[in-house]
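The structure appears right after this line, and notes come after that.
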Amino acid sequence: GENVEQHPSTLSVQEGDSAVIKCTYSDSASNYFPWYKQELGKRPQLIIDIRSNVGEKKDQRIAVTLNKTAKHFSLHITETQPEDSAVYFCAASYTASKLTFGTGTRLQVTL
Amino acid sequence: GAGVSQSPSNKVTEKGKDVELRCDPISGHTALYWYRQSLGQGLEFLIYFQGNSAPDKSGLPSDRFSAERTGGSVSTLTIQRTQQEDSAVYLCASSLEVGNEKLFFGSGTQLSVL
């Protein structure tokens, strides 16, 4: 089955700096890669996703890149703000019914 | 409803007891998923439903775990003879249909087995 590894487990950046979170996956058949944000005590929410037919996708300060050859994808957050502080999960899927999640990255944006 | 609703929000039980966790998906969503989130871990897939049927039960950790969905809406996850290692947050999610991967999560049930 699919295996997703996520790094780093914790990340601290100063407000205004960029943050990058990286994930690798094992199953070359995976074709859908979402990112979820989970604020403390709240439910995970989808923030951005990418499919294997594109290499990059942007949404305001958030971008995701995908390297199918290397089987890794990354989340980039620019101009970080305190409200970006949360746990971020990457995931991969090829069945469209079963997402395999990474173990999460706790992002702390300091003033 | 406005979102995915789960109950109870917290459940404390004694080892060996059975528990039932409930999920009420967004109205009109035909796909429903159960995940488990242990402390410091990612989200572990348990089972998904398309309508009332469960094509993939591969994530259920043992035969103590079962789930059902009736009327294409509410789902219950049952854990029999609970063990301490079952302690976790159980998250339910729904999507419009299988193949529409955008999942909407509930707030979860925090299960503590003493």
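Side notes on the structure shown:
- Hits in segment B:12-26 (condition: open to solvent by less than 80 Å² (accessible area, probe 1.4 Å) and either in a strand (DSSP E or B) or among the basic types (Lys, Arg) (or both)): B:13, B:19, B:21, B:23, B:24
- Test: residue in segment B:72-82 that is assigned to a strand (DSSP E or B), closer than 14 Å to residue B:30 by Cβ, open to solvent by less than 30 Å² (accessible area, probe 1.4 Å) and at pLDDT below 95: no
- Candidate set from segment A:78-107 (those that are surrounded by fewer than 22 Cβ atoms within 10 Å (Cβ to Cβ) and among the aliphatic types (A, V, I, L, M)); member that is farthest from residue B:58 (Cα to Cα): A:107
- Residue tally, condition more than 10 Å from chain A (Cβ to nearest Cβ) and crowded, with 18+ Cβ neighbours inside 10 Å, over segment B:27-45: 4
- Within segment A:51-63, being surrounded by 16 or more Cβ atoms within 10 Å (Cβ to Cβ) and under 12 Å from residue A:76 (Cβ atoms) holds for A:62, A:63.
- Residue A:73 passes every criterion in (1) surrounded by fewer than 17 Cβ atoms within 10 Å (Cβ to Cβ); (2) away from chain B (no Cβ under 14 Å); (3) assigned to a strand (DSSP E or B) apart from (1).
- Matching residues, segment B:27-40, being hydroxyl-bearing (Ser, Thr, Tyr) and part of a loop (DSSP other than H, G, I, E, B): B:27, B:30, B:38
- Within segment B:89-98, one or more residues are open to solvent by 30 Å² or more (accessible area, probe 1.4 Å) and charged (D, E, K, R).
- Residue list for segment B:46-61, restricted to those being free of Cβ contacts under 8 Å to residues at least 24 places away in the same chain, among the polar types (S, T, N, Q), within 11 Å of another protein chain (Cβ to nearest Cβ) and in contact with a strand residue (DSSP E or B) (Cβ under 6 Å, 6 or more places away or on another chain): none
The values are calculated or read from the model by the stated rules, or taken from the named source; none is laboratory data. None of the values given here were measured: they were computed from a predicted structure. Cβ: placed from backbone, ideal geometry, glycine included. Neighbour counts: every protein chain shown. Heavy atoms of the whole protein, side chains included, go into the accessibility calculation; ligands, DNA and RNA do not. Shrake-Rupley method; radii C 1.70, N 1.55, O 1.52, S 1.80 Å.
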